[in-house]
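One structure is given here, and the rest of the page talks about it.
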Amino acid sequence: MMHLFSRLKRHLLTTSGSGRRAFPPATLKAIEATIAAGEALHRAEVCLIIESALTLGEVLRHVSARERARELFALHRIWDTEENCGVLIYVNLADRKVEIVVDRAVGRRVDASDWQTICHTMTHGFARGEFHDSVNAALQKINTLLQQHYPSQGANSNQLDNRPVLL
């Protein structure tokens, strides 16, 4: 019960303003540029969704960051790419969690431990207040991984918007 209360408190106190402070316009533009630069090198599609906090109902239903990431993966149609190579990076500020959900083709080629390492890069940086640098470092690692498994074959169509989504 105490865990639920402390989680509920975190989600109530983490506002959209918290998200805008952690990810100001300059950081969002840098993230968009890093995603676009990576997608010029590989055929995969990367989407970053940042959510300050879950709703009261979601917290009371014990929705985990992983469950929410999977829901957003579907809602934003990240699975709907030509080569089944969509990658979602989900950041939940209130829970201090990062989840990466990948489409089935990417999941077959990239080891889960690689994604966990990238998540740790971000969460450790976030703990130091280094949102800008942590996300961009993680995106560069993701781009390197995806370039190994999905190298560009010339002109790539951009199937998902490169702009980060701030919920």
Q.
Please list, ordered by chain and number, the residues whose modelled amide H lies under 5 Å from the amide H of ILE50; skip anything fewer than 5 residues away on the same chain.
A. VAL91, VAL165, LEU166, LEU167
Q | Helix-only mean residue ellipticity at 222 nm for the chain, each DSSP H run of n ≥ 4 adding -39500 (n - 2.57), per residue, nearest 500 | A | -16500 deg cm²/dmol
Q | In order through segment 66-80: 3J(HN,Hα) via Karplus (6.51 cos²θ - 1.76 cosθ + 1.60), integer Hz, x for Gly, Pro | A | 5, 4, 5, 4, 5, 4, 5, 4, 6, 4, 8, 6, 6, 6, 9
Q) In percent, what relative contact order does the chain have, based on Cα pairs under 8 Å that are 6 or more apart in sequence? A) 35 percent
Q. With θ set to phi - 60° and the Karplus curve 6.51 cos²θ - 1.76 cosθ + 1.60, what are the ³J(HN,Hα) couplings of segment 24-40 in order, to the nearest whole Hz, using x for Gly and Pro?
A. x, x, 5, 5, 4, 5, 5, 4, 4, 5, 5, 5, 4, 4, x, 5, 6
Q | Ratio of Rg to Rh over segment 1-58 (Cα coordinates, Kirkwood Rh, two decimals) | A | 1.16
Q: Could you work out the local net charge near ASN156, counting Lys and Arg as +1, Asp and Glu as -1, over the other residues with Cβ closer than 13 Å to its Cβ?
A: -3
Q. Antiparallel DSSP bridges in segment 18-153: what percent, to the nearest 5?
A. 50 percent
Q.
I'd like the Karplus ³J(HN,Hα) series for segment 132-144: coefficients 6.51, -1.76, 1.60, θ = phi - 60°, whole numbers in Hz, and an x wherever there's a Gly or Pro.
A. 4, 5, 5, 5, 5, 5, 5, 4, 5, 5, 4, 4, 5
Q: Of the options ILE118, ALA138, LEU12, report the single residue whose Cα projects farthest towards the positive end of the charge dipole of segment 1-153 (beta-carbon charges: Lys, Arg +1; Asp, Glu -1).
A: LEU12
Q. In what sequence, highest mean first, do 110-120, 94-104 appear when ranked by Cβ atoms within 10 angstrom?
A. 94-104, 110-120
Q) When PHE23, PHE5, PHE126 are ordered from fewest to most other Cβ atoms inside 10 Å of their Cβ, what list results? A) PHE5, PHE126, PHE23
Q.
Checking the cross-link filter: which lysines have an alpha carbon closer than 30 Å to that of LYS29, excluding same-chain neighbours under 8 positions apart?
A. LYS97, LYS141
Q: Please give the per residue volume of the convex hull enclosing the alpha carbon atoms of segment 2-166, rounded to a whole number of Å³.
A: 104 Å³
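Laboratory data are not the source of any read-out in this text; all were calculated from the coordinates shown. All values derive from a computational prediction rather than experimental measurement. No Cβ is skipped: glycine too gets one built from the backbone with ideal geometry, and neighbour counts run over all protein chains shown.
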